[in-house]
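One structure below.
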Amino acid sequence: MHLLTFGEAPYAHKEMTQFFRVNSFFIAENVRGIIQEGMGDYTPIHLSDIPGLFNSGQLPLDVALIQVTPPDARGMCSLGVSVDVVKSATENAGLVIAQVNPNMPRTLGDSFIHVYDIDVLVPVDDPLIEVPSLPLTDETKQIGEHIASLIDDGATIEVGIGRIPQALLGFLKDKRDLGIHTEMISDRIIELVEAGVVTGTRKSVDRGKIVTSFCLGTRRLYDLIDNNPVFAFHPTEYVNSPYVISQQEKMVAVNVALEIDLTGQVCADSLGSKFFSGVGGQVDFNRGAAKAHGGKAIIALPSTARDGKVSRIVTRLSPGAGVVTTRAGLNYVVTEYGVAYLHGKSIQERALALICIAHPNYRAQLLREAIEAKYISASMADMEGKILVGPKELRTTYLLENGTQINFRPIHPTDEPRMRDLFYALSQQTIYYRFMSFTKIIPRRQIQDFVYIDHRNDVTIVATVPEAHGEDIIAVGSYYLDAKTNMAEVAFVVRDDWHNRGIGTFLLRYLIRIARRNGIRGFTAEVLNDNKPMQAVFNKSNCKITTKFTGNVVSYQMAFE
């Protein structure tokens with residue numbers, strides 16, 4: 001019985017199955033074959049629950065085979081790089097056999113066993129298995145960058161196993177005062193510690209400490225943690241406790257998945273009916289982070305597998321696939337194409353959000369299948385081919401005089417309800433100025449015309465502010481290109497309670513920058529004669545302006561200089 005294992009596993013060879021039967025709580029490559037062939041066992045369980053199996057006697061242990069440091073002056077041996085469930089195993093096994101290895105780093109925390117609690121001591125002098133960081137792909141780097149955008153200064157983070165969590169760490173160098181509370185650390189944490197990014201000074205629990213239960217890395221990492229009071233190694237029942245995790249302010253949990261369906265069910269431990277890895281700490285940390293004040297639970301995965309031949313975002317999970325995180329327990333999903341926020345969203349909203357971050361080659365198919373499955377209204381059928389996500393380069397921020405930060409980004413297909421909220425928050429005068437008519441209802445088709453655009457000929461930028469439910473749209477600006485003249489019609493609106501703060505002026509200038517980059521010659525606009533604030537914004541545009549009056553309408557032509 002074991003957790004994640006590395007190195008040779010001679011007990012997992014076929015000829016040994018008459019003597020040993022592997023039972024793994026988390027499947028590694030060295031035992032995957034024997035388990036997938038049915039000659040070994042996999043026990044799916046939350047990591048935080050494993051010590052309870054040992055303590056209760058439900059899963060009795062005859063012998064614990066462990067590795068420790070030599071005893072110190074008080075006779076205490078450190079469990080070193082692997083405290084996790086080992087401490088509980090030693091406390092419940094009938095016999096404890098320990099290799100005593102001077103190469104094992106002496107980790108601090110709740111990580112010690114007294115030499116008199118070990119029945120058999122076996123001296124060894126072997127180098128520890130080293131697990132270098134996996135090479136990162138452009139895809140995993142992009143996912144890491146998206147995740148980093150969700151992490152605030154002062155947050156406490158958990159990163160799971162795999163390329164994506166490790167890629168994330170490379171994009172955190174500009175953050176400040178991060179904390180670490182995670183089941184595993186790797187070499188990629190070293191740079192953040194040495195750069196002073198990770199200080200733990202804002203942690204709610206274990207302030208100033210990097211809390212973990214095991215580590216996988218190279219000798220450089222092992223030397224760093226050796227007798228280092230900054231690192232606190234604790235057993236799994238503490239590190240993975242959802243209650244402990246939930247006590248951390250701004251706790252961010254990052255875990256990976258193999259497949260996710262359009263309703264938000266996450267498969268993380270199997271490829272169809274073939275067991276591949278394990279439940280691990282995903283649910284422990286997901287639930288804890290979701291309950292933390294300001295917390296975020298993130299599931300990340302590449303949009304495709306098998307060199308792009310299959311989509312990892314699917315209408316239905318593969319036959320036999322196991323659900324690790326349920327649809328009700330999912331908050332954020334991240335691929336290389338963006339971020340989908342699903343908490344509290346309807347099935348239609350979830351499906352659209354996930355289709356938007358699926359690989360472009362599969363979006364049309366997923367939309368058709370979602371309509372067939374009744375996840376999405378049949379009225380969305382004509383949106384096939386229009387589900388596009390604006391490039392991240394179009395994101396920017398603007399700081400108001402009072403210190404409020406306004407975020408600007410391309411409109412997203414899932415913004416339809418937020419656009420509706422914006423419209424109904426506008427005063428009748430603002431509606432009249434924007435649409436040149438008094439209207440109390442905006443048709444859904446008109447909102448969809450704002451949302452489903454190509455981000456080149458039609459560009460829509462929204463201004464947002466964060467809210468408890470995600471974000472609110474407080475302003476929107478658009479331009480629509482006339483290919484014959486290479487001039488684009490521009491229009492925008494700002495919510496009444498945000499007027500006179502420079503948002504409209506900033507939005508126009510930002511749209512001009514985007515249009516220039518796209519080779520557009522200038523803007524046109526029509527403004528009511530008594531809409532003096534909008535005229536003032538256009539007059540400050542630093543463009544070559546010509547105007548024409550027709551009735552009570554002023555027609556603007558703004559050539560870019």
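A few notes on this one:
- GLY477 within 15 Å of ASN407 (Cβ to Cβ), at pLDDT below 90 and not aliphatic (A, V, I, L, M): no
- Of all the listed residues (ILE50, ILE35), the sole one being farther than 21 Å from ILE129 by Cα, touching a strand residue (DSSP E or B) at 6+ places or on another chain (Cβ under 6 Å) and outside any loop (DSSP other than H, G, I, E, B) is ILE35.
- Within segment 405-418, the only residue that satisfies the criterion of being of a type in the set (A, V, I, L, M) and surrounded by fewer than 22 Cβ atoms within 10 Å (Cβ to Cβ) is ILE406.
- Residues of segment 504-521 that are buried (at least 22 other Cβ atoms within 10 Å of the Cβ) and more than 15 Å from HIS455 (Cα to Cα): GLY504, LEU507, LEU508.
- Test set (1) at pLDDT 95 or above; (2) surrounded by 15 or more Cβ atoms within 10 Å (Cβ to Cβ) - ALA9 fails condition number: (1)
- Wholly within segment 86-177, strands (runs of 3 or more DSSP E) carrying at least 2 residues that are more than 36 Å from the chain's Cα centre (by Cα): 95-100, 112-114, 120-123
- First in segment 431-443 and under 15 Å from ASP421 (Cα atoms), second anywhere and aromatic (Phe, Trp, Tyr) and in a loop (DSSP other than H, G, I, E, B), Cβ under 7 Å, 6 or more apart: ILE431/PHE438
- Among the residues of segment 423-453, those that are crowded, with 17+ Cβ neighbours inside 10 Å, assigned to a helix (DSSP H, G or I), of a type in the set (A, V, I, L, M) and more than 27 Å from the chain's Cα centre (by Cα) comprise ILE431, ILE447.
- Taken over segment 199-213, the residue count meeting the criterion of being surrounded by fewer than 23 Cβ atoms within 10 Å (Cβ to Cβ) and on the phi < 0 side of the Ramachandran plot is 7.
- Filter pass, THR182 being closer than 11 Å to VAL254 by Cβ, buried (at least 18 other Cβ atoms within 10 Å of the Cβ) and either among the hydroxyl-bearing types (Ser, Thr, Tyr) or in contact with an Asp or Glu (Cβ under 7 Å, 6 or more places away or on another chain) (or both): yes
- Residues that are surrounded by fewer than 19 Cβ atoms within 10 Å (Cβ to Cβ) and either under 12 Å from PRO70 (Cβ atoms) or among the small types (Gly, Ala, Ser) (or both), drawn from segment 89-99: ALA93, GLY94, GLN99
- Identity of the residue in segment 262-274, in contact with a Lys or Arg (Cβ under 8 Å, 6 or more places away or on another chain) and more than 12 Å from ILE299 (Cβ to Cβ), that ends up surrounded by the most Cβ atoms within 10 Å (Cβ to Cβ): LEU262
- Residue in segment 167-174 that is within 27 Å of LYS296 (Cα to Cα), in contact with an Asp or Glu (Cβ under 6 Å, 6 or more places away or on another chain) and surrounded by fewer than 22 Cβ atoms within 10 Å (Cβ to Cβ) present: yes
- Scanning segment 459-472 turns up one or more residues that are within 24 Å of TYR398 (Cα to Cα), part of a loop (DSSP other than H, G, I, E, B) and either free of Cβ contacts under 8 Å to residues at least 12 places away in the same chain or among the aliphatic types (A, V, I, L, M) (or both).
- Looking only at segment 222-243, residues that are farther than 13 Å from ILE185 by Cα, within 25 Å of the chain's Cα centre (by Cα) and not in a loop (DSSP other than H, G, I, E, B) come to 5 in all.
The values are calculated or read from the model by the stated rules, or taken from the named source; none is laboratory data. Every value quoted in this text rests on a predicted model; they were computed, and no experiment measured them. Note that each Cβ is placed from the backbone with ideal geometry, even for glycine, and that neighbours are counted across all protein chains shown.
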